Structure formats: structure tokens, C-alpha cells
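The next block holds one structure in the form of C-alpha cells; read it before the comments.
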Amino acid sequence: MAMAAHGASASNGPVHYDAQTHVFRIDAKGVSYVFGVNPNGQLQSIYWGSRLGFTDSFPQPHALPGWAAFDPSVNTTPQEFTGWGGGLYTTPDLKITFPDGNRDLVLHYVSHQIDGDRLTVTMQDIERKVFVVLDYKIDEATGILRRSATIENRTGKPFTIEQSFAATWNLPAAGDYHLYDLTGRWTGEWDLQQQALHPGKIVLESRRGPTSHANNPWFAIERGASADQDQGQVWFGALGWSGNWQIAVEQTQARQVRVTGGFNPFDFGYVLAPGESLKTPYFYAGYTRNGVGGASRLLHRFEIAEILPHHPHPGLRPVVYDSWEATGFQVNEAGQEALAEKAASIGVERFIMDDGWFGQRKDDHAGLGDWYPNPQKFPHGLGPLIAKVHSLGMSFGLWVEPEMVNPNSDLYRKHPDWVLHFNGRPRSQERNQLVLNLARPDVKAYVFHTLDSLLTNNRIDFLKWDYNRNWSEPGWPSAGADHEKEVYVKYTRNLYSILQELRARHPHVEIEDCSGGGGRVDLGILRYTDEVWTSDNTDPFDRLSIQNGFTYAYSPGVMMAWVTDSPNWVNQRVTSLTYRFLSSMQGALGIGANLNQWTPQEFVQARTLVAQYKSIRATVQRGALYRLISPLHGSEHSATEYVAPDGKQVAVFAFLHSSQMGYPYPELYLRGLEPGATYRLHMLDGKAAPETPSNASGAYWTNVGIQLALRGDFQAAAFTLEREP
Ligand code: DGJ
């Protein structure tokens, strides 16, 4: 093998390279990640699991033997990144077609560079000047690794990339794995699935344009059948990409498990001219011995400290009011001002005017694309409403859907070729709208300038950025036939670039990521947005399982949850105001009810509940989440617990679907407490059983637990434990 120039052979940081054995070791927090260059020049995966001793070392890895003539060694040897070539049958990370018809690509190690918490490893095809630079970055606080690959064309001729993943993660060979993933649909997102892994391939993906409600780019793989949320080995990961994505979970016939993720290869095609490069999305992954609960706590910490805008200290989410469920498209100056006054009276901190304020928007048939205030509804522009909202002490938020256009709009009449389409083919409308082709530089510029002037000319503090359909006919005729498929990469890149530039020019403006609820949530868009609209389903009971699923991948600190009217529009379910509030208080609280119909008593109650939320919001949004009782599988009960980062406050929410046979509510055994510390119980809503102590040790609350006096249908309770100094 040709072993070219090496980087530093030792380092004081988390990345080490042993020049004798050609082994890389990356260590942080509870995790060690080890791979090496084998004598064939392959990057062979060695170990990924609990942290090893400092002096532990590994010999140079050797490729594993093949399995008879049918599985060449390249398939049995776990590798960090493979090209499709040389008899590879497992999922390749990279597949290229060259202009001479050659499609064989065999990548070997060339060199590496260590720079603090980062390692880059360069690979090259055995014959052609195709280079791949693998990038590894470890987060020292959580042990979560970030990986990506950059493909470089130094061949002198263009070639077409047909498949380009960010990374492959290899797990130890074993037969007792379970995969968790999140599926869903509009109003039914974040449905947690669990299945055993068998030899074969499970494909998680979106082919819909955006990330999708249908499947989210997150996975967790648990070893052994652990009945406990917070114990057991779990490998987990998430992609940072808001376009078509794929995560392939493959178990080979030899029981090796490989997880490969990045751009979805379906309909993919990216022409790389000489001198050009293509960078894949980031694929993040981590490991824990603390079960799926521990995996999500690591992810939450990582998102807050490393992903969100303003990390490592993103601001807490304000309590918001949103007009959508109250006034629909029928917004106007007087109506919104009246709602704003009522919202302010209960302690709301941000007022958001949703859909309906612009162009000729009366319903969803017209207006998208024409981002000026509707002159009948807002004869004096947005200024008076914004001033009123500010005078009430709230910030002002505005709904936009900048990537879409209604055919009935000035924009579409002027630029019918600006949408995704194939020449001469129908343009399928969904919700009477088409998708603007953001990959086009002129469309990108239009969208950016429109939003930039909206923010420059109005004192807007927040955008709710919506996206209400998936793609169809994803053509880009003006790009030329060879380049049309680049739309999948360039669209999303331009979206990120618009968001980034807007944030740079308007640093005080916060942005919510929304796509008909949770249709575009991933670690890519979360780098540019401060919060997420979790789901259009605001039924507080359905929300228990929706929010439960959401938090497997994403922090409660970005999970918007509104209190809306009862009966709720989704299921016509009737619930108390307290139940609705406590369901929503498990994330970032909002109100979406029609305040014009509330009784004085409801205002009084809401004011108290909003104040309660503010007293625990830092714990809920930044704390460690423990799922005490799952709401899934028809459970009668469910409960969540949040422990503040400094451990001083604990907030617990408990829900009862319906009492049966007079059984009491099960004891809640708390987690994450200091056994020797004393905690004072304070009931926010509902009652504890009469004999419950008001002060007890962490050991008591953990082992004896707390019994709540919850009975009836759709009941809820909440309490805090405050640690005594
Ligand atoms: C879908 C969003 O999820 C809703 O909250 C609302 O903003 C509507 N779109 C408005 O059209």
C-alpha cells in the first residue's frame, strides 16, 4: 500500500494517531471511537463504545477474510467510507460514473491531519484523481461525533456522483439489536417505532423534497432487550439535512451492523466539474450505556450547546400567542390588536400573526409570493399592529411561507418558470400552491430580498417560516439536462444560505421552523432556526405521544406546544384548561386558543398557569428529561420529569387517560436526584396522596416515589421538587 505523508502522530486533544499501528483513536466523555489504516489501505473500523483506558492500544487492523467466493473481503471488513467498486455489495458511501463509462471506485488512505477536536482523513481512488476528505469532529461534552465527506474532482474531466453519503457507522457484530425510528404524517408526526434488526437493510428516508413528516433522519439502535429507558447500550445518530435524505441500516449476513447516511441516492445526480468539490451533510452520532433515555439527553445537550443559533447559550423560548386556530385567514388590524391585548393580560411574551395578512390572501387559493400587507385588512401597513404589540410589552412575530407560490399571485403571473417543473408536464398543486425553485440564483435572490426588506421596513422580532407541501415534478429545465438533478442539493444549500444571511443582517430576529407542523425538522435547519412547530395536531392528549416521540431526537427546548380550544378540532376531544396547559408546558409554551371566547375565570386560570410555567421553564427547556411512564401503546398513564442543569429544581408532569376499576395512579419513582440531598415538594396542579411528605431525600423520592391523587378522565397534575440548600 502507498502510505503517504502523515499528520501529527500524537496530540493533547481528543484525537490520537499511533504512527506504528496506524490506528486513530478519538475519545470524549464516555466514548471511544477507534479505526485504523489496514495494510490494504482501507480505513477499517475497530471500536465504538464506552471510553477505554488511556494506555489501551490496538494493533494495526487487518482486513477480514471473505466468506467463500461469494462475499469478498471488502464486504466482511467494516470500513469507515467505501466507494462502489472492487466487488462491494454493502451500501457504498460513494458511487461515481466517469465519462469513459468506468464506474469502479476503490478508495484508499492517503494522509490525515489532526487539529484539536478535528481529524481529517484524505482518501483517493487507486487510479484516478478522485479525492475524498473525511471530516471527524468530536463534542467533548457529549462524545457525539460529527462526520462528513467532501468529494473532490482533480481528474481533469467532469464526472457524475450518483450516490454520496456522509459516513458509515459500524456497530459490533451481534444478533440482538433493536432499531428505533420516527415515522408519521401530517397531524401524526413523531410516531416512535421499534423493530428487531435482522440481516438485510432497513431504509429510513425522505424522497419528498423536505425532511418530511413521514420519517425523520434520526435513529437509535439498542443492544439487548432492555426494559429500562435509562439503561443499556445505545448507538444513535441524526442527519443535518433538510432535503431528500437517507439512512440505511444494514445488517450483513455475518451480523455486522452498518449505518450509512447522507443525501438520498434516489434520483440523485451531481455533476462535478474538474476542480469542484461536493460536501455531504453532517451525520452526527453518539453512544451511551444509559439507554434510549440517556441517548436523548445527550442529543438535547448537544443541540443546545452545539447546533442551535446562539449556541452554547440560545435564549429560552418566550411564551407565545399565535392567531392561526383563533382567526385562520381572517386577520385584520382591529381583530389582531384585540387578541394581542388579551394575550398580554395572561403573561404572553410574543404575539404572532399567522397566515392571511398579505397579498390577496382570503383563503389558501391566493397570495403566496406577494409579501405585502393586504390593503383591506391592513390599510396602514403592519406598523400600527406592531406598535400596539410592542406597547403591550410583547415582541411581534409574523408568519411567512417564502418558498411557495400560489398560481393566483402576481409573482407567479410574472415568473411562471420560477417553480419546480418539467417542461410540458402538469404542475401538480397541493393546497393550491407550487414550490419555488430555490436552487435558481434569481429565485434565491428574490426570496432573500423580499424577506430582508420585510424585516428592514417593519419592527418584526420573529418569523414563523412555514412550508406546506412536498415536492412534485422536481424539474429545473433552465439548468440543462445534465444538471437538473442538482436541485436536491442546491435548493437546500440556498435555503440555508438565505436563513444564514437573514440572521446575520437581522441578528435580533428569531425564526421558527414549521412545515405544516413538523415536516422539516432536522439538525440542518436547526442550525438556523430557534424553535420548531412540532405538529398541527394540538389535541393535548395526542400531543403526549407526539411530544414523547419528538423528544427522542430533539430538545423540549425547541418544541413549541400550544394550548388551544376545547373540544379540539382534531378529535373533538374535550379537556380541561389545566390538562391542556400541562400537556403544553412540557415544551415551549404557546397559546393558540380563541381568547375572544374565554370566560373571565379562564383568564384568571391561564394567568396562574403561565406564571407557573415561567417558574419552571428553564428546567423544562434546558434540563435533563426522564420519561417516567410512556404514553405509548394505549397507556392509561404517562409522566415526564425534568431535572434542571444545576440539579436544584425538578419539574414533573403526570397525565391520566381514565381511571379504571378504582385503581390508584401508579407511584412515580423519580430519577436523576442526589440520594443524600433534601428536596421540598411543591404541587403546582393536582394533589399528592394525603400522607406524602413535603420534604424528603432524593433517595426517598427515587425509591418510595410519590403517589398522586389523580382520578377520573383526562386528568393531569404537576409538581416541583426544590433541592434544599
Ligand atoms: C401550517 C402551520 O403548521 C400552521 O400552524 C399554520 O401556520 C398554517 N400552516 C397556516 O397556513
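Values computed for the structure shown
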| read-out | value |
| --- | --- |
| Relative contact order [Cα under 8 Å, 6+ residues apart], region 474-569, whole percent | 20 percent |
| Average Cα contact separation per residue, the chain, under 8 Å, 6 or more apart, as relative contact order % | 9 percent |
| √(5λ) per eigenvalue of the Cα gyration tensor, region 18-155, largest first, Å | 27, 18, 13 |
| DSSP H segments from the chain that extend 15 Å or more along their own axis, Cα-based, with Kyte-Doolittle mean of 0.0 or above | 291-302, 441-457 |
| Of every Cα-Cα pair in region 320-363, the percent that sits beyond 12 Å | 56 percent |
| Long-range Cα-Cα pairs in region 4-307 (distance over 36 Å), rounded percent | 12 percent |
| Convex hull projection area averaged over all views, the chain, Cα basis, nm² | 33.1 nm² |
| Region 355-504 - percent of accessible surface contributed by carbon and sulfur, probe 1.4 Å | 51 percent |
| Cleavage-rule hits, trypsin sites (Lys or Arg not before Pro), region 176-238, DSSP coil, Cβ neighbours within 10 Å at most 16 | 185 |
| Region 320-623 - percent relative contact order, Cα under 8 Å, separation 6 or more | 17 percent |
| Separation between Cα centres of region 567-622 and region 418-497, rounded to whole Å | 36 Å |
| Cα-based convex hull volume of region 539-586 per residue, rounded to whole Å³ | 59 Å³ |
| Relative packing of 472-480, 562-570, which averages over residues the other C-beta atoms within 10 Å, highest first | 562-570, 472-480 |
| Amide H within-cut-off set for residue 665, under 5 Å, with H built and near neighbours excluded | 710 |
| Accessible surface of residue 140 - all protein chains present, 1.4 Å probe, nearest 10 Å² | 110 Å² |
| Three principal axis lengths of region 447-597 [C-alpha, angstrom, descending] | 57, 35, 29 |
| Sequence-distant residues sharing a close amide H with residue 404 (under 5 Å, placed H) | 436 |
| Peptides ranked, highest mean first, by Cβ atoms within 10 Å: ranges 686-697, 543-554 | 543-554, 686-697 |
| Nearest-20 debye value, the chain charge dipole, Cβ charges on Lys, Arg, Asp, Glu | 340 debye |
| Kirkwood hydrodynamic radius over Cα pairs of region 540-623, then Stokes diffusion coefficient at 20 °C and 1.002 mPa s, in µm²/s | 162 µm²/s |
| Globularity ratio of region 320-623, using Cα Rg and 2.2 N^0.38 Å | 1.01 |
| Karplus 3J(HN,Hα) series, Hz, for region 99-110 with 6.51 cos²θ - 1.76 cosθ + 1.60 (x for Gly, Pro) | x, 8, x, 5, 10, 9, 9, 10, 9, 10, 4, 10 |
| Note, ³J(HN,Hα) from phi for region 415-425, Karplus 6.51, -1.76, 1.60, rounded to Hz, x at Gly and Pro | 10, x, 8, 7, 9, 4, 5, 10, 4, x, 10 |
| Pairs of alpha carbons in region 172-321 whose separation is greater than 19 Å (percent) | 61 percent |
| Filter on 279/490; 377/444; 614/648; 342/388; 157/444 - keep pairs with C-alpha separation over 19 Å | 377/444; 157/444 |
| Aspartates and glutamates whose Cα lies under 12 Å from that of residue 95, excluding same-chain neighbours fewer than 8 positions away | 104, 125, 162 |
| Per-residue [θ]222 nm for the chain (sum of -39500 (n - 2.57) over DSSP H runs n ≥ 4, rounded to 500) | -5500 deg cm²/dmol |
| When region 628-723 is reduced to its Cα atoms, the Kirkwood hydrodynamic radius in Å | 13.5 Å |
| Under 5 Å, built H, 5+ apart or other chain: amide partners of residue 684 | 718, 719, 720 |
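The values are calculated or read from the model by the stated rules, or taken from the named source; none is laboratory data. Computed from a prediction, not measured in an experiment: that's the story for all the values here. All Cβ positions, even for glycine, are placed from backbone atoms using ideal geometry, and neighbour counts span all protein chains on display. Keep in mind that these areas ignore ligands, DNA and RNA; they rest on the heavy atoms of the full protein, side chains included. Shrake-Rupley method; radii C 1.70, N 1.55, O 1.52, S 1.80 Å.
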